[in-house]
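Below is one structure, written out as structure tokens, with a few remarks after it.
The values are calculated or read from the model by the stated rules, or taken from the named source; none is laboratory data. All of these numbers come straight from a predicted model, not from anything done at the bench. Reconstructed Cβ throughout: ideal geometry from the backbone, glycine too, with neighbour counts over all protein chains shown. Heavy atoms of the whole protein, side chains included, go into the accessibility calculation; ligands, DNA and RNA do not. Shrake-Rupley method; radii C 1.70, N 1.55, O 1.52, S 1.80 Å.
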Amino acid sequence: MTSPSREEPDTDVSAMDTAIKMRESSPVVRFATPRTIEKVRERAFAAAAGLDDQSRMSINQSMASVSYTPIMTPNRSGDIVLLSPSRTIAETLKSLATVTGQQLEEVWDEVGYSPEDRASQLNDLIVKFRDLCEQKISEERGVAETFSQTINEAKEEMQQLTAALQIPFPGDISLEHEQQSTLSDELAHLEIALDDLRVTASQALEDLQECRDFLIEAHEALGVEMNPKWIEIGSDLTMGQREKFHEKKAEMKSELSTRTSAIIQLVRDCQHLMRDLKMEAESDSASEIDKRIAGSLVRSKDDSFMMASKHRTDTCIGIDNIAMEELTKRVSELHVEKRRRKTRLQEMGLEIAKLWEKLRVPEDEQMTFTESVRGLGIDTLKKGETELQRLHAIKTEMIGQLIEEARQGIKELWDQIDAEEEYRSSFQAFCVNDENAFDDNLLEAHEAYLGKLHNRYEQRKPILRLIERREGIVKERMEYENLQKDPERLKQRSGALARQLLEEEKMARRIKRELPKLTNALKEKLTEWKERHSEDFLHQKAIYLDEISRQEEDW
């Protein structure tokens, strides 16, 4: 079946003239930018997405069924003018209704619809068209409401921004006083005003966010709680607030720098002590804190030390309060350990040196051991302990010989200090002769007694030197007496006689000057000795105070 050709509607010249006259006589209508309208329409249709599937399908089918090209007419100046909606719909539907009616009649004739069927089909078509029109009106009302809501939100945003920036709210922002102003125009006007505010607020907010982010990181690094006033930044975007944030940022930078310097110094102190003590952070026995200390420092471009990280990691101690406390405690512990090891090594060194001397260890063995130990590491302590064990084992093998040597030294000192038999017999360990009883305790007893005798000998030395000088003067006095009794000395020649007499005169002066002085000094020293030791000072088995008294009586 051949369908009839579709007739194009004739252009209504009177309608065009009317439209041109309306265009020329009416004021210019302002339109919002396409971007603004499209943005609001998107919001409106997004809100419509809340409809059920059947409603959305109906809307889509209706919109597709009414797609058409609006009637546009040129005016005298060449501009394109959109006719009013009622005029456009009337002109378009008139043509559409004619064509549709003709095609329906052809189809119905072909099918053989009765008048009642045709009336029912037309009624259904009109109802659907009415529903479509109502749906379109509802959609556009939704667009208008979305425009109003967007305008209110823009005004609210402007109020928030002006309040945050503390600047006056623009008084001429509304277009309500202007005739023929539309919602699109008002929204476009608000967006223009908001653009500058948004740029200013964005710059301030970006600046404050940068400061806040730094403050958050700094507080986290230092391990201190941050005041909530430095977290909220949206309500105050003024320059004064920005200056406060920058001042706080500078303050935290200084605190970070000070804390970092202190942490670096503590870490370096710990690393130096660990090197002195030969503590290997990579070993399995190393503590977690020592591993962090070992990996905390790196070299900067200028070769200075810097922290590997401001935050605590598996290989870095960080710079927070906990790190400060841990490092301070660790430095103290390492210093204590260093002093302990030094003291122990000194004690072992003295004991080893004494045993070397006592056991007459060859010098090459001594030198080999000395060259093998360096530093304060655990290995050095172990080598010292091993050497002590070796020397004590040798001493055990030589215990009898060492005791006999000690006894020989005791005998010599007894003679040197003029020890009486009672004093000698008071050392009972000297009488132990059973070799089965020879042990370290017996040797230590002999060595202790030998040391006591040696001290006694050293204490006697000053008095013995005085006695020696005095005995020399006493001997000289006896010689002088014998010279005085010899008359033959006066028969010498004059020269020899003069020399003889001069020498005798010197002897007499020296005896007269030195002897009383030495005698008084000795009496004082000997009295002190008796008070301190509760015994008289013996010299050549005699009490020397009595010897002085006897000599003075004989003189």
Show the residue pairs meeting these rules: Cβ distance below 9 Å; 6+ apart or different chains; first residue within the range 367-379 and closer than 17 Å to residue 334 by Cβ; second residue open to solvent by 80 Å² or more (accessible area, probe 1.4 Å). 375/275; 375/278; 376/278; 376/342; 377/278; 378/278
So if I check each of 264, 231, which one is within 21 Å of residue 311 (Cα to Cα), out of contact with any helix residue (DSSP H, G or I) (no Cβ under 9 Å at 6 or more places or on another chain) and of a type outside the set (Ser, Thr, Tyr)? 264
Would you mind stating whether residue 390 is in a helix (DSSP H, G or I) and in contact (Cβ under 8 Å) with a residue 40 or more places away in the chain? no
Hey, any hits in the range 364-385 for a residue that's open to solvent by 40 Å² or more (accessible area, probe 1.4 Å), farther than 30 Å from residue 276 by Cβ and not hydroxyl-bearing (Ser, Thr, Tyr)? no
Can you report the number of residues in the range 325-348 which are of a type in the set (A, V, I, L, M) and open to solvent by 60 Å² or more (accessible area, probe 1.4 Å)? 1
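For every residue, the table says whether it meets (1) among the polar types (S, T, N, Q); (2) under 30 Å from residue 397 (Cα atoms).
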| position | (1), (2) |
| --- | --- |
| 265 | yes, no |
| 301 | no, no |
| 311 | no, no |
| 318 | no, no |
| 330 | no, no |
| 354 | no, yes |
| 357 | no, yes |
Residue 266 fails exactly one of (1) at pLDDT 90 or above; (2) surrounded by fewer than 14 Cβ atoms within 10 Å (Cβ to Cβ); (3) within 27 Å of residue 217 (Cα to Cα), namely (2)
Going through the range 162-190 in order, the residues found to be over 49 Å from the mean Cα position of the chain (by Cα), at pLDDT 80 or above and either of a type in the set (Asp, Glu) or open to solvent by 70 Å² or more (accessible area, probe 1.4 Å) (or both) are 185, 186
Tally the residues that are surrounded by fewer than 16 Cβ atoms within 10 Å (Cβ to Cβ) and either small (Gly, Ala, Ser) or under 22 Å from residue 424 (Cβ atoms) (or both), restricting the search to the range 518-542. 10
In the range 86-118, what residues are open to solvent by 50 Å² or more (accessible area, probe 1.4 Å), assigned to a helix (DSSP H, G or I) and of a type in the set (Gly, Ala, Ser)? 86, 90, 97
Could you please let me know if residue 482 is polar (S, T, N, Q), part of a helix (DSSP H, G or I), at pLDDT below 80 and loosely packed, with under 13 Cβ neighbours inside 10 Å? yes
May I ask you to verify whether residue 515 is surrounded by 15 or more Cβ atoms within 10 Å (Cβ to Cβ) and modelled with pLDDT of 85 or more? no
Out of the residues in the range 543-555 that are assigned to a helix (DSSP H, G or I) and in contact (Cβ under 8 Å) with a residue 24 or more places away in the chain, state the one that is surrounded by the most Cβ atoms within 10 Å (Cβ to Cβ). 544
Residues to consider are 445, 437; find the one that is farther than 24 Å from residue 530 by Cα, open to solvent by less than 80 Å² (accessible area, probe 1.4 Å) and at pLDDT 85 or above. 445
Those residues of the range 119-143 which are in contact with a helix residue (DSSP H, G or I) (Cβ under 7 Å, 6 or more places away or on another chain), small (Gly, Ala, Ser) and either loosely packed, with under 14 Cβ neighbours inside 10 Å or farther than 30 Å from residue 191 by Cβ (or both), in sequence order: none
Restricting to the range 228-254, what's the tally of residues that are assigned to a helix (DSSP H, G or I) and either open to solvent by less than 90 Å² (accessible area, probe 1.4 Å) or within 24 Å of residue 159 (Cβ to Cβ) (or both)? 14
Check whether at least one residue in the range 417-425 is open to solvent by 80 Å² or more (accessible area, probe 1.4 Å), in contact with a strand residue (DSSP E or B) (Cβ under 8 Å, 6 or more places away or on another chain) and closer than 29 Å to residue 529 by Cβ, and report yes or no. yes
Pairs needed: first member in the range 267-279, farther than 12 Å from residue 376 by Cβ; second member anywhere, open to solvent by less than 60 Å² (accessible area, probe 1.4 Å) and charged (D, E, K, R); C-beta distance under 6 Å; at least 6 residues apart or different chains. 270/330
